[in-house]
1. Which members of the stretch 31-42 meet the condition of being assigned to a strand (DSSP E or B), hydrophobic (A, V, I, L, M, F, W, C) and either touching a residue at least 60 places away in the same chain (Cβ under 8 Å) or farther than 16 Å from Arg86 by Cα (or both)?
2. Among the residues of the stretch 43-60, are any out of contact with any Lys or Arg (no Cβ under 8 Å at 6 or more places or on another chain), surrounded by 15 or more Cβ atoms within 10 Å (Cβ to Cβ), in a loop (DSSP other than H, G, I, E, B) and not aliphatic (A, V, I, L, M)?
3. I'm checking my understanding of the structure. Among residues of the stretch 1-25 that are charged (D, E, K, R) and in a helix (DSSP H, G or I), which one is surrounded by the most Cβ atoms within 10 Å (Cβ to Cβ)?
4. Only one of Ala37, Ala63 is outside the structural domain of Arg136 (by TED's automatic domain parsing), over 24 Å from Gly114 (Cβ atoms) and not acidic (Asp, Glu); which?
5. Does the stretch 142-161 contain at least one residue that is part of a strand (DSSP E or B), assigned by TED's automatic domain parsing to the domain that holds Leu109 and free of Cβ contacts under 8 Å to residues at least 40 places away in the same chain?
6. Hey, among the residues in the stretch 169-180 that are out of contact with any helix residue (DSSP H, G or I) (no Cβ under 9 Å at 6 or more places or on another chain) and modelled with pLDDT of 90 or more, which one's surrounded by the most Cβ atoms within 10 Å (Cβ to Cβ)?
Amino acid sequence: MEFFCYHRDRPGSLALRTALTEQHWSYMDRYASELIARGPTLSGTDGEPTGSVHIVDLAGPAAARAFAFDEPGYQAGVYRDVLVRRWRNLLGRTMWEFPGGRTGGHRFLVLGLGSGEAADADVTAPSDRDEAPPDRDELIAYGPLLSDDASAWLGTAALVRAPDPETARAVLASDRYADVEVHRWQFGGRPS
């Protein structure tokens, strides 16, 4: 089962986050074969980390919660909150298989929260939006946020390469969501 985990940094926790970098990477190394995507969200002003995204394939909801809440930064108080939702990988690939590679262009997390009838469930369907969403090849990861038993749609999470936040936001039909957030994001993991 695939899960989307988003740890949002607590204000003033950058020094603690930095001190725990190696512990965080070592913890994630244990999940290397289960990770679909990972990386920090960044401030739009100074590029400082504001959170961490991890999309991971685990045995079930209990394993996903253990993954999210046993993470060293969470245990030490780096994060103010954590979103853990079941997720479905509609692209069928990992971020490492993204045709655009790890570098070049701007990358964003687009997070739409909603309820009711699923929106943006098919990335290949024609759009009735004023602006067309980015080409499928610009999507790094894409899928619905679901309840633990996958019976209820709760939103959509996408990692996308786009020239600016407005273009990234266009990947989701804003009028179908209670809220749409756009955060700068970058490929994560140990530097090569």
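The values are calculated or read from the model by the stated rules, or taken from the named source; none is laboratory data. All values derive from a computational prediction rather than experimental measurement. Heads up, the Cβs are rebuilt from the backbone with ideal geometry, glycines too, and the neighbour counts pull from every protein chain shown.
1. If we filter the stretch 31-42 for residues that are assigned to a strand (DSSP E or B), which is where we start, we get 35-42.
Still in the running and hydrophobic (A, V, I, L, M, F, W, C): 35-37, 42.
Hits for the stretch 31-42 are Ile36, Ala37, Leu42.
2. No, because not a single residue in the stretch 43-60 is out of contact with any Lys or Arg (no Cβ under 8 Å at 6 or more places or on another chain), surrounded by 15 or more Cβ atoms within 10 Å (Cβ to Cβ), in a loop (DSSP other than H, G, I, E, B) and not aliphatic (A, V, I, L, M).
3. The initial filter retains those residues of the stretch 1-25 that are charged (D, E, K, R), namely 2, 8-10, 17, 22.
Remaining after also requiring in a helix (DSSP H, G or I): 17, 22.
On the way: Arg17: 22, Glu22: 10.
Among those that are charged (D, E, K, R) and in a helix (DSSP H, G or I), it is Arg17.
4. Step by step, each of Ala37, Ala63 is checked, and only Ala63 is outside the structural domain of Arg136 (by TED's automatic domain parsing), over 24 Å from Gly114 (Cβ atoms) and not acidic (Asp, Glu).
5. Looking for residues that are part of a strand (DSSP E or B), assigned by TED's automatic domain parsing to the domain that holds Leu109 and free of Cβ contacts under 8 Å to residues at least 40 places away in the same chain, one finds at least one in the stretch 142-161, hence yes.
6. Among those that are out of contact with any helix residue (DSSP H, G or I) (no Cβ under 9 Å at 6 or more places or on another chain) and modelled with pLDDT of 90 or more, it is Leu172.
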